[in-house]
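Encoded as structure tokens, the structure appears first; notes follow it.
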Amino acid sequence: MVDPNKGDDLHQIMAQTVNDRVGKAVEELQEKHDKRAASGKPAQQDDTSVDGPTGSTYRQVEARERVQQQKTVARSRKAEEQAVAAAREEEIVQQLHKANLLSDEEDDVEDENGLDAELKVIREKRMAQLKAQHQEKAENLSKGHGQYREISQDEFLPEVTGSRHVLVHFYHKDFMRCKIMDKHLAILAPAHVEAKFLKINAEKAPFFVGKLQVKILPTIIYFKESIAEERVQGFEGLTKGMAKGAEDEFPTSVLATKLARLGAIEYTAPPTLEELRKFQLKKTMGAIRAGGGGTCLYDDDEDFNGDISE
């Protein structure tokens, strides 16, 4: 038979043991406190030795490390900015060459710097690239690229699977913003035959509206290799910086930039006057002034405006 008092005795023993250990620990702490007080030191004191965590040497090392880290971050940021600027300059130079706006004198400057051989290789690669692009353009035109066309639900799959890059605008005939999107896409289609531009009436395509989960109109869906990769819903990302009440007046170049970032089209924004000055393309600025134009790709964009005097 189990003794009912045995459990109480065990608890008492355990409690006594805990009390004894706590009491011993308190005595040890008190003893240390008394010794520190007898030596004249404060009861609680941080390690203020020269090499301690709060010492002067430690603080100096920490300050030097912090400065070094800041310098490293600054150098990294500067290198990144320079890389971005160099890439942008190359884009602009290629664009100006293509538009025949880069003057011969500027080419001569490059030749004087001993870049004849390199330029020859670059030009040869460019010619090969242009030849391939011309062939691809001809093939795309045969597939219906270069125009903004409306398709039916039955035509959807053959059209989307028939080209590598396809943009489909789901629209509603009574929605004003769908009409605005129509205007921009109609401008872009002839200029970007690398992609097929299509539109479909959402009311007449309930299967694909449900299958692709089209919930906002207008919606542009980008198909790459027959797979829905990305989409633009409404005017998302297109009206940044526009004045209140003028959101529907965003330029075509903004939509082009958006589609280029998605990988749907190839588009490089024309150089601004600030960029031309920054990259010292002064002769190009003169050619633009003399010609009264620029490399604007779309009628509703004004990339070259304002004072261009040197």
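Short version: ³J(HN,Hα) in whole Hz for each residue of the stretch 241-247, in order, from phi by Karplus 6.51 cos²θ - 1.76 cosθ + 1.60 (θ = phi - 60°), x for Gly and Pro, what are they?
x, 6, 5, 4, x, 10, 4
In Å and on Cα atoms, what radius of gyration and Dmax does the stretch 159-203 show?
11.0, 31
Which residues' amide hydrogens lie under 5 Å from the amide hydrogen of LYS199, considering only partners 5 or more residues apart or on another chain, with H built in the peptide plane?
So LYS199 has HN proximity to ARG149, GLU150, ILE151, HIS169.
What is the stretch 185-244 by shape, rounded, prolate or oblate, if you read a ≥ b ≥ c off the alpha carbon gyration tensor as root eigenvalues and call it rounded for a/c under 1.5, prolate for a/b larger than b/c, and oblate otherwise? Display every interim value, and only then the final one.
Working: a/c = 1.80, a/b = 1.18, b/c = 1.52.
Oblate shape, in that a/c is at least 1.5 and b/c is the bigger or equal ratio.
Just how much of ASP20 is accessible, in Å², when a 1.4 Å probe is used and the result is rounded to the nearest 10?
90 Å²
Once you've got the Cα coordinates, tell me which of LYS125/LYS258; LYS183/LYS258; LYS179/LYS211; LYS120/LYS278; LYS173/LYS240 are over 21 Å apart. List each step's numbers first, then the result.
Numbers: LYS125/LYS258 28 Å; LYS183/LYS258 16 Å; LYS179/LYS211 24 Å; LYS120/LYS278 26 Å; LYS173/LYS240 26 Å.
Table pairs above 21 Å Cα-Cα are LYS125/LYS258; LYS179/LYS211; LYS120/LYS278; LYS173/LYS240.
Which order do LYS196, LYS71, LYS204 take by accessible area at a 1.4 Å probe, largest first?
Values: LYS196 5, LYS71 110, LYS204 150 Å².
Output order, biggest surface exposure first: LYS204, LYS71, LYS196.
Heavy-atom accessible area of TYR58 with all protein chains present, probe 1.4 Å, nearest 10 Å²?
Roughly 100 Å² of TYR58 is accessible to a 1.4 Å probe.
Counting only protein chains, not ligands or nucleic acids, how are ARG177, ARG77 ordered by accessible area (probe 1.4 Å), most first? Each step should come with its number before you reach the end.
Details: ARG177 100, ARG77 130 Å².
So the residues, ranked largest to smallest area, are ARG77, ARG177.
Could you report the accessible area of MET242 in Å², rounded to 10, computed with a 1.4 Å probe on the protein chains as they sit in the structure?
Answer for MET242: close to 60 Å² accessible.
The values are calculated or read from the model by the stated rules, or taken from the named source; none is laboratory data. Every value quoted in this text rests on a predicted model; they were computed, and no experiment measured them. Please note that ligands, DNA and RNA were not included when accessible areas were found on the heavy atoms of the full protein model with its side chains. Shrake-Rupley method; radii C 1.70, N 1.55, O 1.52, S 1.80 Å.
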